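**Q** There's a structure below that I have some questions on.
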Amino acid sequence: MTDLFTTENLIAFLSLTALEIVLGIDNVIFVAILSAKLPPEQQDLGRRLGIGLAVVSRIILLLAISWIMRLTEPLLTLFGNSISGRDLILLVGGLFLIGKSTFEIHEKLETAEHGHNVKAKVVTLGAVIAQVIVIDVVFSLDSVITAVGISGVLAVMIPAIIIAATLMLFASGAISRFVEKHPTMKMLALAFLILIGAMLVIEGWNAEAAHDLHLKNYAYFAMAFSFGIELLNMRLRTKAPQPVKLHNQPTLPEGGD
């Protein structure tokens, strides 16, 4: 037990908690956007379930770490490139994230001539959770492998993940309301998800090249810079007309405007 409370483990715990919070923001944004499609009375439940599933999936993957590490062994070769089970999950998950985010952008910005004549689609809690599970597995796999690289001690990794998830759970409501209130932020969030999906695809196709090029550093810098610019724009546009209202089909009455 005394070996657990060491300076090395403390540094690993703090580093891993901070990293999990950063990685968790992507997950929270995706969950928030999907949960916003639910009826108002189910949105909080959708967010909590989504983040809760993310925590459960990470802990399960950590406990099955020996199986996870076997996923890094090559399964097949495509165009001279070895693809492991992990790579395959990242490729499929990245493509799903790109496709889903692109669809969401189209749905939110469809023109009035299309939007007013389309019946509202009913989005169920089960459908949202199913999509969240797919992305949770992808994000969790990448997060767990990163966590193992920082600290191989379960007693360090699991508390760090739980603390990060708890903070994200409390912040999820505010993040969701902020994204829903500002249409440009929602578009930026969806654009960020497309960028993250592209990174997952690149990492799944050639992880070594992605790490050597530090693609994540460039991508997160671009997202942070863009977010900062939009915050400045929001302050400068305090007297501007009301922003356009994005479509949110599940909250519309059937056949309504």
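**Q** What is the set of long-range amide H partners of Ser84 at a cut-off below 5 Å, with H atoms built 1.01 Å from backbone N?
**A** Leu75
**Q** Can I ask one more? Between Leu231 and Tyr218, what is 0.36 nm times their sequence separation minus the Cα-Cα distance? Round to one decimal in nm.
**A** Between Leu231 and Tyr218, full extension yields an extra 2.7 nm.
**Q** Right, another one. Return the distance in nm (one decimal) between the two label points of a simple spin-label model at Glu41 and Leu76, each offset 7 Å from Cα along Cα→Cβ.
**A** Once both label points are built, they end up 4.7 nm from each other.
**Q** Does anything in the range 31-71 have its amide N under 15 Å from the 7 Å Cα→Cβ label point of Asn9, and if so which residues?
**A** No residue qualifies, since no backbone N sits under 15 Å from the label point.
**Q** Could you give me the ³J(HN,Hα) list for the range 42-56, computed from phi with Karplus coefficients 6.51, -1.76, 1.60 and θ = phi - 60°, whole Hz, x at Gly and Pro?
**A** Along the range 42-56, the couplings run 10, 5, 4, 4, x, 5, 5, 5, x, 5, x, 5, 4, 5, 4 Hz.
**Q** Calculate the length of the line joining the C-alpha centroid of the range 153-184 to that of the range 206-235, in whole Å.
**A** Answer, in whole Å: 19.
Values quoted throughout were computed directly from the atomic coordinates according to the rules given, and no laboratory measurement underlies them. Being a predicted model, the structure only gives us computed values, none of them experimental. Positions of Cβ are backbone-derived with ideal geometry, glycine not excepted, and every protein chain shown enters the neighbour counts.
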